[in-house]
Amino acid sequence: MNIGKKWMDGFDRFDTRMNHWLVAHSITLLRIGMGIVFLGFGVLKFFPGISPIEVLATHTTNVLTFGVLSGHYAMDFVAGLECIIGICFLTGRFLRVGVWLMAVQMIGAMSPLFLFPARLFVGPYHAPTLAAQYIIKDIILVAAGMVIASTWTGARIVAEPQGLRQSLRKRVSDMRPKLKTTVTV
């Protein structure tokens with residue numbers, strides 16, 4: 001057996017073990033990571049002048065609540081909401097509530113892109129400002145939230161091991177499930 005094949009077979013076994021570990025733990029790590037992000041950014045918003053998005057978040061909350069929440073009350077509301085979401089994600093308790101609250105929060109967090117585009121895309125060729133980039137990255141949080149939401153009814157990732165060499169020749173498979181439909185009358 002040549003050294004290249006032996007090395008490749010060893011790496012293949014390692015890769016398969018790593019895949020099994022990821023299948024077993026990645027959703028939990030994603031949930032905990034998101035909990036840390038939401039709780040961390042939420043806590044920052046309780047302290048005036050610390051959050052880099054404070055002015056924009058306050059203005060957006062004021063507009064979205066038709067002036068009911070303004071100034072420091074708006075920031076306290078956003079901060080509290082983000083902390084609750086973070087705690088739900090970190091503990092795994094009330095996760096369904098946390099994901100729904102996150103959906104509402106993400107609508108609010110991303111709305112400045114539509115409410116204040118002239119303020120967020122002022123660079124050359126309408127390049128996004130740092131605040132706009134801060135908001136655009138929320139697309140990833142939305143996708144991660146969707147993955148976590150898919151698990152609250154019992155969905156799980158399933159490992160379908162394949163050798164590394166075999167998988168290199170293939171495109172990423174279609175991830176959409178083949179749904180079984182049952183019609184009852």
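The values are calculated or read from the model by the stated rules, or taken from the named source; none is laboratory data. All figures in this text were calculated on a predicted structure; none of them were measured in a lab. Glycine gets a Cβ as well: all are built from the backbone with ideal geometry, and neighbour counts include every protein chain shown. Areas reflect the complete protein model, heavy atoms only, side chains present, ligands, DNA and RNA absent. Shrake-Rupley method; radii C 1.70, N 1.55, O 1.52, S 1.80 Å.
Condition check ((1) hydroxyl-bearing (Ser, Thr, Tyr); (2) free of Cβ contacts under 8 Å to residues at least 40 places away in the same chain) across all residues:
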residue	(1), (2)
Val63	no, no
Gly71	no, yes
Asp76	no, yes
Ala79	no, yes
Thr91	yes, no
Val99	no, no
Phe114	no, yes
Leu130	no, no
Tyr134	yes, no
Going through Phe38, Phe11 one at a time, which residue ends up being touching a Cys at 6+ places or on another chain (Cβ under 9 Å) and either within 30 Å of Val158 (Cβ to Cβ) or part of a helix (DSSP H, G or I) (or both)? Phe38
Would you mention how many residues in segment 48-87 are loosely packed, with under 14 Cβ neighbours inside 10 Å, modelled with pLDDT under 95 and under 22 Å from the mean Cα position of the chain (by Cα)? 1
Mind listing just one residue for me: the one in segment 88-113 that is under 18 Å from Leu141 (Cβ atoms) and not in a helix (DSSP H, G or I) and, of those, least open to solvent (accessible area, probe 1.4 Å)? Ser111
